[in-house]
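Participant: Attaching a single structure in structure tokens format; questions to follow.
The values are calculated or read from the model by the stated rules, or taken from the named source; none is laboratory data. All values reported here derive from a predicted model rather than from experimental measurement. Neighbour counts run over all protein chains shown; Cβ positions are idealised from the backbone, glycine included. Note: areas computed on protein heavy atoms with side chains; ligands, DNA, RNA excluded. Shrake-Rupley method; radii C 1.70, N 1.55, O 1.52, S 1.80 Å.
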Number of protein chains: 2
Amino acid sequence: MLTMIIDCHGHYTTAPLALDAWRNQQIAGIKDPSVMPRAADLKISDDELRESIETNQLALMRKRGSDLTIFSPRASFMAHHIGDFQISSTWAAICNELCYRVSELFPDHFIPAAMLPQSPGVDPATCIPELVKCVEQYGNVGINLNPDPSGGHWTSPPLSDRYWYPIYEKMVEYDIPAMIHVSTSCNACFHTTGAHYLNADTTAFMQCLTSDLFTDFPSLKFVIPHGGGAVPYHWGRFRGLAQELKKPLLKDHLLNNVFFDTCVYHQPGIDLLTKVIPVDNILFASEMIGAVRGIDPETGEYFDDTKRYIEASNQLDEEARYKIYEGNARRVYPRLDRALRAKAGLTHA
Amino acid sequence: MLTMIIDCHGHYTTAPLALDAWRNQQIAGIKDPSVMPRAADLKISDDELRESIETNQLALMRKRGSDLTIFSPRASFMAHHIGDFQISSTWAAICNELCYRVSELFPDHFIPAAMLPQSPGVDPATCIPELVKCVEQYGNVGINLNPDPSGGHWTSPPLSDRYWYPIYEKMVEYDIPAMIHVSTSCNACFHTTGAHYLNADTTAFMQCLTSDLFTDFPSLKFVIPHGGGAVPYHWGRFRGLAQELKKPLLKDHLLNNVFFDTCVYHQPGIDLLTKVIPVDNILFASEMIGAVRGIDPETGEYFDDTKRYIEASNQLDEEARYKIYEGNARRVYPRLDRALRAKAGLTHA
């Protein structure tokens, strides 16, 4: 049977411009409630959604040869730091509904993951109704959890804090993983996609390392995007720090629960990732169409065509590639697996 | 002629405990000025300094085969977020004097680099008198510049901001580089050595990438420690982001001014670093004795014995190793080169 190529990290970065306009209006409405739009004011037709996907993500998926994308709202537009919980709540509902509609329009190619209506300083438990709706009504198979809803000021407790436990309890109940993904930086020190994203990946991993979070939640699963930030490159440092802190070996302490995607945009980076991180912990992803959209002048290929790097790796055999492309995603996202089995007409386990 | 092995990244992490006691007293004095110690209250004899070095850094240098360490005050103890400028100023003066004394006691093995008396929100120009003293009286060959004196709250402008220019003007005048090195994180989100350090490295690099700082200061030089944080692992991402931002190729945009050390504590990481970063931009370093002091159970050797990884690399020839160990350090730290030439009885260029 052919391996299915599952991209676990896609955002709806190409939504029709009406969405931007609505969001700008909402932001204007924070200062002047008389201009605040209603959710129902946003009108985007199925044809517009189809067009925005067919000419962008789906075209590239066909060209590059990936089959299915786990699709969530645009990460940089989550911007949880804007407004209060009500603002985030309305915005998350709109964005999640659009990804759901895309998944209904292209059921063979997109399956949704939810953004949460996080807001700085607001109890994460307030996100649960949106999460429940996205899983139960929209068929979402995962969530994006922002460890820093302040947008670069890092005012929330670490992910290991009980503050986040209501989210984790629901994740465990539903058997859904979280991709740990920040949004736009509003701190001038941090470029969003060049610093804040990678820093957050490293920070989240270290928050897990210093804690015993996965003792409390043995089945909780985190996907660290962007190839794990700095983590695989500094794997010796992290192994050494765990040892200093008298933690178990990382494979036992974290690797039953923490996974890395392949959003690393050059061959030497992917080669390092696949060399130091066990293949069971690597999930194929490209974050296409995302932060780096150009063609690498050194290769003549798109930087974010990460499948090329996986294919070109001389460290991966057929079984390893199957795990990275499909097997691990089915294991880490059990609801994805069930959806695929149901579609294939098989009874699920 | 034999290559000299120069470690460009060593901190005085093993200073006699009297230093800690003095600092704790100083911190107590912030709340209760009646207990504030005077600088002169700190008494550490030459014998104590000798002992602290001979049994630690120097013993390991001899064992591992490095010759000379560029030696600066303990990074995590800089803690610029504590107290005001006066507190930092007294503390920096004490710490810099100790490193100077070590360099006088062991002139063949240690040459000093200075910490600055930075303080959050205080004009960096206030650091210049300490910098001048360290260069002119103590023979310092570089400085450590903290891009986040707040300790993990990132409240200062980016390094590309004119805010920092007084420091850069003095660096250019003296022909000294800065290692961009943060201190202890007082933000619970960031583990100091597992997240904050690496994040700062990535952040600093991206601050340079998005700016035209080195157009304003063509001879300014930054050393990014810890192997450049996440940068080499994501070199494709950074090349792609520079392209999106219409910047020149990174080799032209940044690599005349930005250098990476080799504080990467496993072989695959060093192999990636030496593969993607031009050899002219890599400086040997171990940050020994530092964050990761243990023995790697996978190799039976110390994690931070980075010379082993350089030696074991199959990508480096003799000339490349000379550059990494000695040649690049002489070029990036011209005052080091002059000191070595003077010592060898040669007239300098």
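Participant: Students often forget the sequence filter, so: which lysines lie under 20 Å Cα-Cα from A:Lys170 once same-chain residues fewer than 8 apart are removed?
Facilitator: Here the lysines satisfying the reach criterion relative to A:Lys170 are A:Lys133, A:Lys221.
Participant: If you don't mind, there's one more thing I want to ask. Which whole number gives the average count of other chain Cβ atoms within 10 Å of the Cβ atoms across peptide B:150-163?
Facilitator: Taking all residues of B:150-163 together, the mean is 2.
Participant: Just by accessible area at a 1.4 angstrom probe, what is the order of B:Arg38, B:Arg239 from largest to smallest?
Facilitator: B:Arg38, B:Arg239
Participant: Which of the DSSP-defined H helices in chain A satisfy a minimum axial length of 15 Å, computed from C-alpha atoms, and a minimum mean Kyte-Doolittle hydropathy of -0.5?
Facilitator: Sorted by number, the helices that extend far enough and score high enough are A:17-31, A:85-105, A:197-210.
Participant: With the alpha-carbon atoms as the only input, what is the per residue convex hull volume for region B:150-292 in Å³?
Facilitator: Dividing the Cα hull volume of region B:150-292 by its residues yields 119 Å³.
Participant: From largest to smallest, what semi-axes in whole angstrom does chain A give when each is the square root of 5 times an eigenvalue of its alpha carbon gyration tensor?
Facilitator: 29, 25, 20
Participant: Quick one: compute the contact order of chain A, relative version, from alpha carbon pairs under 8 angstrom and 6+ residues apart, as a percent.
Facilitator: So the answer I get is 17 percent.
Participant: Pairs of alpha-carbon atoms within less than 8 angstrom and 6+ residues apart define the contacts here; what relative contact order does region A:21-104 have, in percent?
Facilitator: Relative CO of region A:21-104 lands at 29 percent.
Participant: Averaged over B:288-294, how many beta carbons belonging to a partner chain fall within 10 Å of each residue's beta carbon?
Facilitator: So the per-residue partner count for this stretch is 3.
Participant: Now for a different question. Could you work out the mean count of beta carbons from other protein chains within 10 Å of each residue's beta carbon in B:205-212?
Facilitator: Mean shielding count: 3.
Participant: From largest to smallest, what semi-axes in whole angstrom does the protein assembly as shown give when each is the square root of 5 times an eigenvalue of its alpha carbon gyration tensor?
Facilitator: They are 45, 27, 23 Å, listed largest first.
Participant: Using a Förster distance of 51 angstrom, determine the FRET efficiency expected from the C-beta separation of B:Glu48 and A:Lys31, and round it to 0.05.
Facilitator: Plugging the Cβ-Cβ distance into 1/(1 + (r/R0)^6) gives 0.25.
Participant: Could you give the semi-axes, largest first, of the ellipsoid that matches region B:1-97, computed as the square roots of 5 times the alpha carbon gyration tensor eigenvalues and rounded to whole Å?
Facilitator: Equivalent-ellipsoid dimensions as semi-axes: 31, 15, 9 Å.
Participant: Considering the Cα trace of region B:125-206, what is its radius of gyration and what is Dmax, both in angstroms?
Facilitator: For region B:125-206, the Cα radius of gyration and maximum Cα-Cα distance read 13.5, 40 Å.
Participant: Hey, another quick one. With runs of 4+ DSSP H residues as the only contributors, calculate the mean residue ellipticity of the protein assembly as shown at 222 nm using -39,500 (n - 2.57) per run, divided by the residue total and rounded to the nearest 500.
Facilitator: Estimated from H runs of four or more residues: -11500 deg cm²/dmol.
Participant: Taking each label point as 7 Å beyond Cα in the direction of the beta carbon, state the distances from B:Asp46 to the same residue in the other copies, shortest first, in nm.
Facilitator: 8.8
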